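A short worksheet on the structure shown next.
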Amino acid sequence: MKRFRSITPGVCIFLIVLTWLVFGQTIRHELVNYDDAPTFMGASDAAKRGLQFAVEQQNAELREELEQNIRLYQTGAPYRDAGLAK
């Protein structure tokens, strides 16, 4: 039991140094932006381009679905496929 007490501080210091070596490099990294707003804007732009295509092709079903999705994106509530929900 006495032997383990003498090893414990060394193990703790080793783990602290190892953790610093592995995660310390993240100090140089830029912050990750988890805000979805730019994604919504990109999706909205893509849906608007798709809407133009649907109008040109006279595809009423696609046009209606894209118009609905665009409204959802503009309100900040993205389209969720019910079939993909768990």
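Given (1) at pLDDT below 70; (2) out of contact with any Leu (no Cβ under 6 Å at 6 or more places or on another chain), identify the lone condition not met by VAL17.
Evaluating VAL17 over (1) at pLDDT below 70; (2) out of contact with any Leu (no Cβ under 6 Å at 6 or more places or on another chain) leaves (1) as the failure.
Here is a list: ARG28, ARG63, ARG5. Which entry is loosely packed, with under 12 Cβ neighbours inside 10 Å, within 29 Å of the chain's Cα centre (by Cα), at pLDDT 70 or above and charged (D, E, K, R)?
Of the residues listed, the single one that is loosely packed, with under 12 Cβ neighbours inside 10 Å, within 29 Å of the chain's Cα centre (by Cα), at pLDDT 70 or above and charged (D, E, K, R) is ARG28.
Taking GLU56 and the conditions (1) modelled with pLDDT under 90; (2) surrounded by fewer than 10 Cβ atoms within 10 Å (Cβ to Cβ), which numbered condition does it fall short on, given that it satisfies the others?
Only one criterion is unmet by GLU56, namely (1).
The values are calculated or read from the model by the stated rules, or taken from the named source; none is laboratory data. Bear in mind that the values here come from a model prediction, so they are computed numbers and not experimental data. Heads up, the Cβs are rebuilt from the backbone with ideal geometry, glycines too, and the neighbour counts pull from every protein chain shown.
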